[in-house]
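See structure below.
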């Protein structure tokens with residue numbers, strides 16, 4: 001695997017990735033809305049519409065819904081980039097291992 005040709009090339013790639021990740025990618029942990037939709041409060045209306053669409057589909061073809069339930073489209077209550085440990089409410093500890101390929105500077 002090759003690295004980026006320059007710092008500028010890396011920055012351009014990251015900018016595109018962040019834009020895609022936040023504005024286009026529908027996250028399963030957010031019930032398939034984007035982070036921007038969640039952040040802006042748009043998820044509530046989007047998910048309410050999905051409930052309506054699924055209920056209409058279920059009414060048209062009830063045999064498709066074997067257990068009688070549609071997907072849970074409730075908005076996700078809270079999200080975090082740094083999940084907390086439920087026992088302590090403190091950030092989960094992270095461990096890092098020193099890279100044996102790196103040498104310290106003199």
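The values are calculated or read from the model by the stated rules, or taken from the named source; none is laboratory data. Treat the numbers as computed from the prediction; the structure is a model and nothing was measured. Neighbour counts run over all protein chains shown; Cβ positions are idealised from the backbone, glycine included.
So the values come out like this:
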{"quantity": "Cβ pairs under 8 Å, 6+ apart, first in region 64-89 and closer than 21 Å to residue 28 by Cα, second modelled with pLDDT of 85 or more and part of a loop (DSSP other than H, G, I, E, B)", "calculated": "72/31; 73/31; 74/31; 75/31; 76/31"}
{"quantity": "Yes/no for residue 67 being in a helix (DSSP H, G or I) and either modelled with pLDDT of 85 or more or farther than 16 Å from residue 33 by Cα (or both)", "calculated": "no"}
{"quantity": "Tally, over region 33-52, of residues that are free of Cβ contacts under 8 Å to residues at least 12 places away in the same chain and within 11 Å of residue 73 (Cα to Cα)", "calculated": "3"}
{"quantity": "Residue in region 33-54 that is at pLDDT 95 or above, surrounded by 13 or more Cβ atoms within 10 Å (Cβ to Cβ), touching a helix residue (DSSP H, G or I) at 6+ places or on another chain (Cβ under 7 Å) and part of a loop (DSSP other than H, G, I, E, B) present", "calculated": "yes"}
{"quantity": "Hits in region 72-93 - residues which are at pLDDT 90 or above and surrounded by 10 or more Cβ atoms within 10 Å (Cβ to Cβ)", "calculated": "73, 74, 75, 76"}
